[in-house]
Amino acid sequence: MTLAAESLSFHEGDFLSSLNSEQQRAVIMQGTPLLVLAGAGTGKTRVLTTRIAYLLNKAYAGPQEILAATFSNKAAAEMRRRTRDLAGEQAEFVWLGTFHSLGSRILRRHASLIGYSPDFTILNADDQLRLIKQIAKENKGRRIVPSTLAANVINRWKDRGLTPVDLEFAPYLYEGYQDVFSLYKAYDAALHRFNAMDFGDLLLQTVRLFETTASVLERFRKQFRHILVDEYQDTNAVQYQWLKLLAPTGENLCCVGDDDQAIYSWRGAEIDNILHFERDFPHAQIVRLEQNYRSTAPILAVASSLIQKNTTRLGKTLWTGAEGGAPVRLKGHGRSREEAQFIAQDILRLRQQGLAFADIAILVRASAQTREFEEAFIALGLPYRIVGNIRFYERTEIRDALAYLRIVAMPHDSLAFERILNVPKRGLGKVFLQKLHTLSQEQHCSLFEAAHSLIKETTRPSAALQQLRLFLDFILCWHQKIDTLSSADILKGLLSASGYRTMLQEEKTPEAAGRLENLDEFVRALAEFPELKGFLDHISLVSESAPSSQADMISIITLHGAKGLEFEAVFLCGWEEGIFPHPRALDEGNIDEERRLAYVGLTRAKRFVTITFARQRYLYNQWQTALPSRFLRELDLSQVTLLGGLVREEIETTALAAASQFHNPLS
């Protein structure tokens with residue numbers, strides 16, 4: 001049964017009064033698979049959170065009967081905050097989180113049914129790379145595969161829901177990657193031996209659990225009376241399997257997404273999931289959210305004119321009730337240095353008009369474009385930040401501290417054991433570690449257990465074994481304290497007692513001083529988590545980190561990194577063939593995704609958009625000559641102001657030539 005907005009009772013109307021009619025339909029429709037096709041800036045988060053609150057307030061479902069999945073911890077936190085504002089404390093009990101955190105939550109309860117212990121370790125990317133590298137070295141007689149390549153291929157297989165057994169029965173799926181497939185089998189066995197899962201496993205193993213244990217699947221099907229999915233266009237094959245198992249008919253499944261913002265195929269996202277929603281869930285309803293609350297009419301007109309050139313899309317047209325707005329500006333430059341200098345000066349102009357630096361973003365297609373902007377900003381004293389720099393929890397000293405916390409919380413965590421066995425140096429180097437790995441494989445046990453066996457079996461202990469015994473005693477001593485000390489006190493004690501802090505202090509370098517400051521910041525962060533194991537789960541599932549500073553700074557971001565953000569003014573730079581669209585996309589015939597990326601960039605702006613290109617750009621230690629991007633010809637030029645002597649004929653002629661005969665300036 002579906003409900004129309006016109007049938008709202010007085011109470012419902014009051015509850016939904018801030019929504020437009022299509023948003024209201026998306027909130028109250030029930031009893032049918034529902035796809036909310038939400039354009040950029042149309043209020044999709046408001047719809048999702050209001051739908052959850054509506055279900056709770058109308059008693060259509062209890063908190064534990066609602067599952068809401070999204071992609072980032074930031075988005076999940078924002079959804080929970082907004083839902084709590086609408087529905088009160090009961091919102092805290094909704095199953096709301098990232099796909100990976102929800103998978104982890106399910107597996108913590110039922111991992112034993114698929115051969116894991118419930119206290120399994122969640123590997124981060126660094127742990128995964130080290131384990132794969134170790135296995136590659138042990139694969140004697142085989143070519144050593146670069147660990148980064150192997151990890152990427154294995155992760156893509158997991159994104160597609162493919163286990164080593166699946167690949168064994170379909171060898172064509174690993175054609176050209178035989179060595180990586182061999183590594184995958186050994187890596188999978190090692191994960192089971194270490195009682196560990198990587199990020200891909202949190203979904204892949206949940207699917208395996210559902211497929212092999214009918215009672216568990218049926219329990220969750222009955223429990224989750226309503227399932228909501230954010231950013232459905234970004235789901236991959238295994239996430240699709242996950243949802244189809246939980247909601248095979250799609251009844252009361254509500255997916256929110258935008259096919260025009262599908263820009264992550266390179267990391268496994270399947271746009272067909274959203275394009276084929278009606279095929280996958282017969283009798284599905286589609287609600288289109290087209291009223292934009294972010295951008296001006298000229299920006300929306302230019303963005304719409306561009307995205308309409310894509311033929312494979314469900315179709316919608318953004319509009320705004322607001323009148324006026326500055327036209328989109330387009331400026332060409334002789335050289336990229338001039339482009340950067342022009343933008344720096346233009347930012348000063350915007351600053352004089354009242355915009356803060358934090359209101360302004362530079363969006364680039366490739367990170368190699370950022371250097372000249374940095375130089376131009378430094379020359380004028382403009383504050384800026386490169387969004388996407390090394391994240392806090394990816395820094396070496398933080399990884400080391402996390403490994404210490406993990407090993408005292410879970411002594412059988414072999415990856416943590418390996419990382420800090422000889423940090424600080426204890427005379428337990430690579431040869432000694434290899435001996436432990438060999439024993440671990442022979443006895444099918446963790447490195448911690450292998451270390452105990454080695455000590456027990458050795459009649460004449462060496463200096464190295466004496467250090468190993470001290471290290472094991474150190475772990476057990478602190479393991480006994482985790483229930484009596486706070487997480488922050490445990491970390492402070494570990495850093496001191498292990499000698500790690502002393503090691504950095506004795507370096508007496510600016511880098512060491514900064515690393516010590518990072519560790520102090522880490523101790524402060526731990527103060528918010530009194531329970532250590534809860535903190536470790538939280539950190540393992542963090543897929544992004546918030547900016548370290550809220551200072552007034554210009555943001556320089558890649559177009560991929562800008563998705564989900566918004567700014568008063570946006571500069572879209574480097575719109576040239578061979579930069580944007582990217583040559584790899586052209587080689588792979590994926591021009592539609594590049595066009596969607598341009599659409600995402602345009603719709604990040606609230607008031608001002610400036611597009612720039614350069615006829616020569618200094619990249620990879622040489623000057624490159626390029627034609628303006630073919631995308632420029634696809635813009636609605638009636639909404640564009642051409643700067644710097646550009647004429648429409650120049651844009652149309654050069655962009656047409658580029659589109660008809662691709663010239664790659666980077667070749």
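The values are calculated or read from the model by the stated rules, or taken from the named source; none is laboratory data. What you are looking at is a predicted structure, and each value in this text was computed from that prediction instead of being measured. For neighbour counting, all protein chains shown are included, and Cβ atoms are generated from backbone atoms with ideal geometry for every residue, glycine included. Note: accessible area is taken over every heavy atom of the protein model, side chains too, but ligands, DNA and RNA are not part of it. Shrake-Rupley method; radii C 1.70, N 1.55, O 1.52, S 1.80 Å.
To the nearest 10, the accessible area of Lys309 is 100 Å² with a 1.4 Å probe.
Here's the picture: charge each Lys and Arg Cβ at +1 and each Asp and Glu Cβ at -1 in region 413-569, and of Thr438, Ile539, His479 the one pushed furthest to the positive end of that dipole is Thr438. Computed from Cα positions, the angle between helix 178-194 and the longest principal axis of the chain comes to roughly 60 degrees. For the chain, averaging the sequence separation of C-alpha pairs within contact (under 8 Å, six or more residues apart) and dividing by the residue count gives a relative contact order of 17 percent. Over all distinct Cα-Cα pairs of region 377-495, the Kirkwood formula returns a hydrodynamic radius of 16.2 Å. The angle between the Cα long axis of helix 463-479 and the longest principal axis of the Cα atoms of the chain comes to about 60 degrees, rounded to the nearest 10.
Volume per residue for region 185-305 equals 156 cubic angstrom (convex hull of Cα atoms). Which FRET efficiency, nearest 0.05, do Glu375 and Glu650 yield, Cβ-Cβ r, R0 35 Å? The calculated FRET efficiency here is 0.80. Nearest 10 degrees, 0 to 90: what angle lies between the long axis of helix 237-246 and the longest principal axis of the chain (Cα atoms)? It is inclined by approximately 80 degrees. Between Gly561, Ala551, Leu572, whose Cα lies farthest towards the positive end of the dipole of region 460-607 when Lys and Arg beta carbons carry +1 and Asp and Glu beta carbons carry -1, centred on the Cα centre? Working it through, the farthest residue towards the positive pole turns out to be Ala551. Using Cβ point charges alone (K and R +1, D and E -1), the dipole size of the chain about the Cα centre works out to roughly 980 debye. Take the Cα of Arg351, go 7 Å toward its beta carbon, and the backbone nitrogen atoms of region 380-421 under 19 Å from that spot belong to 380-387.
Distance between the pseudo-spin-label points of His452 and Asp166 (7 Å out from Cα toward the beta carbon): 3.7 nm. Take the Cα of Glu138, step 7 Å toward its Cβ, do the same at Arg395, and the gap between the two points is 3.3 nm. Positive-end ranking of Val145, Leu162, Leu183 along the dipole of region 141-188, with charges on Cβ about the Cα centre, is headed by Val145.
For Thr317 and Leu485, the difference between the fully extended length at 0.36 nm per residue and the C-alpha to C-alpha distance is 54.8 nm.
Extension gain, Glu588 to Lys430: 0.36 nm times the residue separation minus the Cα-Cα distance gives 52.7 nm.
Using helices alone, what [θ] at 222 nm do you get for the chain, with -39,500 (n - 2.57) per DSSP H run of 4 or more residues, divided over all residues and rounded to the nearest 500? Helix contribution divided over all residues of the chain: -15000 deg cm²/dmol. In the context of the full protein assembly, His110 retains an accessible surface of approximately 20 Å², using a probe radius of 1.4 Å and ignoring ligands and nucleic acids. Placing +1 on the Cβ of every Lys and Arg and -1 on the Cβ of every Asp and Glu, with no other charges, gives region 297-372 a dipole of roughly 260 debye about its Cα centre. For the chain, the per residue solvent-accessible surface stands at 43 Å², with DNA, RNA and ligands left out and a 1.4 Å probe. Keeping the other protein chains in place, figure out the carbon and sulfur percent of the accessible area of the chain, with a 1.4 Å probe. Ligands and nucleic acids excluded, carbon and sulfur reach 50 percent.
List the pair-distance distribution P(r) of the chain, using every Cα-Cα distance, as the percent of pairs falling in each 10 Å bin from 0 up to the bin containing the longest distance, rounded to whole percents. For the chain, the binned pair fractions read 3, 13, 21, 24, 21, 13, 4, 1, 0 percent. Each label point was placed 7 Å from the Cα along the Cα-to-Cβ direction; for Ser367 and Ala326 their separation is 3.1 nm.
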